[in-house]
1. I'm checking my understanding of the structure. Among residues of the stretch 62-84 that are more than 14 Å from the chain's Cα centre (by Cα) and open to solvent by 30 Å² or more (accessible area, probe 1.4 Å), which one is nearest to H20 (Cα to Cα)?
2. Which residue is least open to solvent (accessible area, probe 1.4 Å), if the candidates are limited to the stretch 104-132 and must be without any contact (Cβ under 8 Å) to a residue 24 or more places away in the chain and outside any loop (DSSP other than H, G, I, E, B)?
3. Kindly establish whether A59 is of a type in the set (A, V, I, L, M, F, W, C), buried (at least 22 other Cβ atoms within 10 Å of the Cβ) and within 14 Å of Y8 (Cβ to Cβ).
4. Answer with yes or no whether E104 is over 10 Å from the mean Cα position of the chain (by Cα) and either of a type in the set (F, W, Y) or more than 21 Å from Y56 (Cα to Cα) (or both).
5. Applying the selection to the stretch 1-10, what residues are in a helix (DSSP H, G or I), out of contact with any Leu (no Cβ under 9 Å at 6 or more places or on another chain) and either touching a residue at least 40 places away in the same chain (Cβ under 8 Å) or open to solvent by 60 Å² or more (accessible area, probe 1.4 Å) (or both)?
6. Name the residue, out of E21, E61, E32, E53, that is touching a residue at least 24 places away in the same chain (Cβ under 8 Å) and either hydroxyl-bearing (S, T, Y) or farther than 20 Å from E133 by Cβ (or both).
7. Looking only at residues that are part of a helix (DSSP H, G or I), aliphatic (A, V, I, L, M) and within 24 Å of Y92 (Cβ to Cβ) in the stretch 140-168, which one is nearest to the chain's Cα centre (by Cα)?
8. Quick one: count up the residues across the stretch 89-103 that are under 15 Å from A74 (Cα atoms) and in contact (Cβ under 8 Å) with a residue 24 or more places away in the chain.
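The values are calculated or read from the model by the stated rules, or taken from the named source; none is laboratory data. For clarity, every value in this text was computed on a predicted model and none was experimentally measured. Here Cβ is always computed from backbone atoms with ideal geometry, including for glycine, and neighbour counts include all displayed protein chains. Quick note on the areas: whole protein, heavy atoms, side chains included, nothing else; ligands and nucleic acids left out. Shrake-Rupley method; radii C 1.70, N 1.55, O 1.52, S 1.80 Å.
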Amino acid sequence: EGWRSAGYLYDMGLGVDQSHEKAFEYYKRAAEQGDAKALYNIAFSYFYGEGREQDYGKALEYYQKAADLGDTWAMCNLGLMYKDGVGVEQDYGRAVEYYERAAELGDSDACVMLGTLYQNGEGVEQDSGRAAEYYQKAADLGNTSAYYTLGAMYYSGEGVEQDVREAVKWYRMA
């Protein structure tokens, strides 16, 4: 964790001159020790071209390594890559798999993404009830964007029984 922490300091320029290149080198050292967050940070660097030339193939490789070690942020980013077809062929099935893995591990953003896919019928059969379940799980995990969406769903009766009081409750929390 020490190498990753040093990388973070350089990445953010906290107490040192900001250098994505130095940050990347520290993340590499941490990754060699099996640090999943360091692998995620390397993938992020490749994805956005920070400290390295942008390379979606390398980003995919390192996100996969981090996901294999249980990193839910990596799983969500893999889901996003497959959902949007960034650096890979668009594959909603794979996107849903990654989001479901992250959601099972308690990642609220993955729950929101699954809710959005089901609400809009993107790559899955449109199912507002299932969308509401995922938004509810995200809300239970403290995700404020899910609060707003649940409020809207209760207000309109989309996927849930219409209940203005429940809508107001969620809107107030958002």
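1. K65
2. Among residues in the stretch 104-132 that are without any contact (Cβ under 8 Å) to a residue 24 or more places away in the chain and outside any loop (DSSP other than H, G, I, E, B), the one least open to solvent (accessible area, probe 1.4 Å) is L114.
3. Spelling it out, it is not the case that A59 is of a type in the set (A, V, I, L, M, F, W, C), buried (at least 22 other Cβ atoms within 10 Å of the Cβ) and within 14 Å of Y8 (Cβ to Cβ).
4. Yes: the conditions hold for E104.
5. W3, L9
6. Within the list E21, E61, E32, E53, the selection yields E21.
7. We begin by selecting, within the stretch 140-168, every residue part of a helix (DSSP H, G or I); these are 140, 144-156, 164-168.
Among the residues that remain, those that are also aliphatic (A, V, I, L, M) are: 146, 150, 152-153, 164, 167-168.
Now restrict to residues that are within 24 Å of Y92 (Cβ to Cβ): 146, 150, 152-153.
Working: A146: 14, L150: 19, A152: 23, M153: 23 Å.
Step by step, filter the stretch 140-168, then rank; the result is A146.
8. So the answer is 7.
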